[in-house]
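Working notes, beginning with the structure itself.
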Amino acid sequence: MAPASGHQGSTPARRLTVLVTDPIITRWSAVLTAGAPNHDWVFLTDADDDGQRAAAADCDVLICSRLSAEVAPCVRAALVQVTGAGLDRVAVTALPAGTEVTTTAHHERSIAEHVLLSVLALERQLLSRDRALRSGTWRTLATDPTVPAFRTLDTMTVGAVGLGGIGAAALRLAGGWGMDTVAVRGNPDSPLPMGVSPRWVGGTGDLPRLLSEADVVVVSVPLGPDTESLIGEAELTAMKPDAYLVNVARGPVVDQDALYAALTAPAGSPAAIGGAAIDVWWGAPAPGRTPPADHDFAILENVVLTPHCSGHAESTFAGRAADLAANVERLAAGVPRLGVVSPKR
């Protein structure tokens, strides 16, 4: 590897050593290297902690999705680029003082489409109807008086808990399909994102109102001390008995015990909700714990389960790779980087 950049936070020589440890973004290595061709790219996706420590101590830029508290103090790069928007798997506070950290996104549209896909699948009982027909059962309004008629999206209200990039994209897309939209966020008086026009926007204190009005509750807030278990028993009880919860934030934002109880409560009862779409979980997958939860959500008919893949579009990763390469060039040129989250400016 080329020598590191001298001292922490300094502007490196024009030719940089860029270490990539994220196996997903490595699949877009051609975009990375084409975007910043005059640098030394090193792709290291399967090293153990000792290998990562050695490599992290000898690069100018580290591109990663995860960074443990054991490896972070060894980083001597001027710039750590996280390959997504979340920092919950990156030990930012364990990095040497002055290390610049940036994030990127590009997943908003993909996740917004997943939200509407999940709502349609739940409302039209897509998965159970598919399984029934494959097994030889033809069950419709015409053959079974217990089969409910479904709602169309333009008769439903979607409520966004959080109005960042994902929440805004979800409401933008939902509004385009004729859905009524409402939202709560930390600062309700901030300007609305372009193309987003909810019927009302409230602060966090208005969450009970949103829960009581929405047919679909979309959770997209970051995970932190203030949002862990934000949606618990009281919040789920406040939802309509036929409403859907769609969690595309982080698993622990929703209390899993309370969610399982609401999904298994008698249909139509005050404690029940109509269903849920779960793309984010409570830990990592493991043998005997996949999906990673303490309850067997997989046996429930009123859920759509996905393995944290709602943002996995080609456009997501191509856009991220282009951002990462652009920041390498910006660092080499000594101009400000995009998406800086630390140190705060």
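The values are calculated or read from the model by the stated rules, or taken from the named source; none is laboratory data. All values derive from a computational prediction rather than experimental measurement. Glycine also receives a Cβ, built like all others from the backbone with ideal geometry; neighbour counts cover every protein chain displayed. Keep in mind that these areas ignore ligands, DNA and RNA; they rest on the heavy atoms of the full protein, side chains included. Shrake-Rupley method; radii C 1.70, N 1.55, O 1.52, S 1.80 Å.
Some values worked out for this structure:
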read-out	value
Residue, farthest from Ser29 (Cα to Cα), within region 313-345, restricted to residues that are open to solvent by 30 Å² or more (accessible area, probe 1.4 Å), among the β-branched types (Val, Ile, Thr) and touching a residue at least 12 places away in the same chain (Cβ under 8 Å)	Val341
Residue within region 252-262 that is touching a Pro at 6+ places or on another chain (Cβ under 9 Å), assigned to a helix (DSSP H, G or I), among the hydrophobic types (A, V, I, L, M, F, W, C) and within 14 Å of Ala160 (Cβ to Cβ) present	yes
Which listed residue is under 22 Å from the mean Cα position of the chain (by Cα), among the aliphatic types (A, V, I, L, M) and either modelled with pLDDT of 95 or more or open to solvent by 60 Å² or more (accessible area, probe 1.4 Å) (or both), from Ala238, Ala234, Ala174	Ala174
Residues (closer than 23 Å to Gln125 by Cβ and either among the aliphatic types (A, V, I, L, M) or more than 17 Å from the chain's Cα centre (by Cα) (or both)) located in region 281-296	Ala293, His295, Asp296
Candidates Leu236, Leu173, Leu141 - the one that is over 19 Å from Ser118 (Cβ atoms), among the aliphatic types (A, V, I, L, M) and not in a strand (DSSP E or B)	Leu141
Any hit, region 189-210, residues being within 22 Å of Ala261 (Cα to Cα) and open to solvent by 50 Å² or more (accessible area, probe 1.4 Å)	yes
Qualifying residue in region 215-226 (condition: assigned to a helix (DSSP H, G or I), surrounded by fewer than 23 Cβ atoms within 10 Å (Cβ to Cβ) and within 21 Å of the chain's Cα centre (by Cα))	no
Residue in region 282-295 that is assigned to a loop (DSSP other than H, G, I, E, B), in contact with a helix residue (DSSP H, G or I) (Cβ under 6 Å, 6 or more places away or on another chain) and surrounded by 17 or more Cβ atoms within 10 Å (Cβ to Cβ) present	yes
